[in-house]
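The values are calculated or read from the model by the stated rules, or taken from the named source; none is laboratory data. Quick caveat: nothing in here was measured; it's all calculated off a predicted structure. FYI the Cβ positions are ideal-geometry reconstructions off the backbone, even for glycines, and counts take in every protein chain you see. Remember, those area values only see protein heavy atoms, side chains included, never the ligands or the DNA or RNA. Shrake-Rupley method; radii C 1.70, N 1.55, O 1.52, S 1.80 Å.
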Amino acid sequence: MLELSAFWLLIQYCLIGMAEVFCIVGLLEFLYEEAPDAMRSIGSAYAAVAGGLGCFLTTILNSIIKFVTCNEKEGGGESWLAQNINTGRFDYLYWLLAALSEKRKTGTKLEIQGLKPG
């Protein structure tokens, strides 16, 4: 395996950070423009709660992935989320996240059409 630097992850984190900034500004602008006066603060509070829940669910998912893929006790390799970027399998993690995202989109499309996701 190539010796990779952790700075390769910096690119995607910068892009995600910029995307979040633009999305949050647009979301709050939408909430203040479209919501009734009495619900403006509730809308921004819901946005903050949704962000917090997303971070909480990500922590749970990372813990589950680390527990399931960590087989050091059995003499195997390190977890997908290893501290060393050269020994971890971040490619597997990103494929799993892509599959979960696609499954979520597919399930939503089926529910809109009145079908049950399988």
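A few comments on the model shown:
- Matching residues in the range 78-89 - criterion: being in contact with a Phe, Trp or Tyr (Cβ under 9 Å, 6 or more places away or on another chain), open to solvent by less than 60 Å² (accessible area, probe 1.4 Å) and in contact (Cβ under 8 Å) with a residue 12 or more places away in the chain: Ser79, Leu81, Ile85
- On the stretch given as the range 23-44, residues that are more than 30 Å from Leu96 (Cα to Cα), open to solvent by 50 Å² or more (accessible area, probe 1.4 Å) and in a helix (DSSP H, G or I) total 12.
- Residue check for Gly52: of a type in the set (Gly, Ala, Ser) and under 14 Å from the mean Cα position of the chain (by Cα): yes
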